[in-house]
Amino acid sequence: MREFNLERALAGDPVVTGSGIKIVKIANSGLSIKYPLAVWLEGREDCYSYNKDGRYIYNSDFESSDSDLFMAPKKRTVYINLYDHSFGVGKYFSYNTKDDAEKMGAEAAYEYIAIAVPVEIEE
């Protein structure tokens, strides 16, 4: 999980709890110095109080928990070319676009097994 970033969260970047519940809305309520954030979780009607570090009101003085906030992982697709290797071990290269993978696959000195296989990764 990526560390909670209040500035990015208030700007609209996706946020989740440690257990993966999506945050629907987050606002700086200004009602409490120690717990200024009002947070609405997907599937729940109540709002919950968090400190500016994304720690849940009941956990903030203790170890982290599944209720604490994190920046949602960013997913993207890369394209993998798989090649035969003379030692029987496969070799691969990844590309940011399908076109790049196909172009490099066509120009490769290796015998390919598969070209431009889409793989979703989290960053």
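Odds and ends about this structure:
- When residues of segment 84-123 are limited to those that are more than 29 Å from the chain's Cα centre (by Cα) and aromatic (F, W, Y), the one modelled with the lowest pLDDT: F87
- Test for G54: is it surrounded by 13 or more Cβ atoms within 10 Å (Cβ to Cβ) and in a loop (DSSP other than H, G, I, E, B): yes
- Residue check for R44: assigned to a helix (DSSP H, G or I) and at negative phi: no
Residue-wise test of (1) touching a residue at least 24 places away in the same chain (Cβ under 8 Å); (2) hydrophobic (A, V, I, L, M, F, W, C).
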{"position": "A11", "(1), (2)": "no, yes"}
{"position": "A27", "(1), (2)": "no, yes"}
{"position": "V39", "(1), (2)": "yes, yes"}
{"position": "E45", "(1), (2)": "no, no"}
{"position": "Y48", "(1), (2)": "no, no"}
{"position": "N51", "(1), (2)": "no, no"}
{"position": "Y58", "(1), (2)": "no, no"}
{"position": "D66", "(1), (2)": "yes, no"}
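- Scanning segment 1-13 for residues that are surrounded by fewer than 13 Cβ atoms within 10 Å (Cβ to Cβ) and either of a type in the set (K, R) or not in a strand (DSSP E or B) (or both) yields a count of 3.
- Qualifying residue in segment 61-69 (condition: assigned to a strand (DSSP E or B) and either closer than 14 Å to L10 by Cβ or in contact with a strand residue (DSSP E or B) (Cβ under 8 Å, 6 or more places away or on another chain) (or both)): yes
The values are calculated or read from the model by the stated rules, or taken from the named source; none is laboratory data. Since the model is a prediction, treat every value here as computed from it, not as a measurement. Ideal geometry is used to build each Cβ from the backbone, glycine not excepted, and the neighbour counts take in all protein chains shown.
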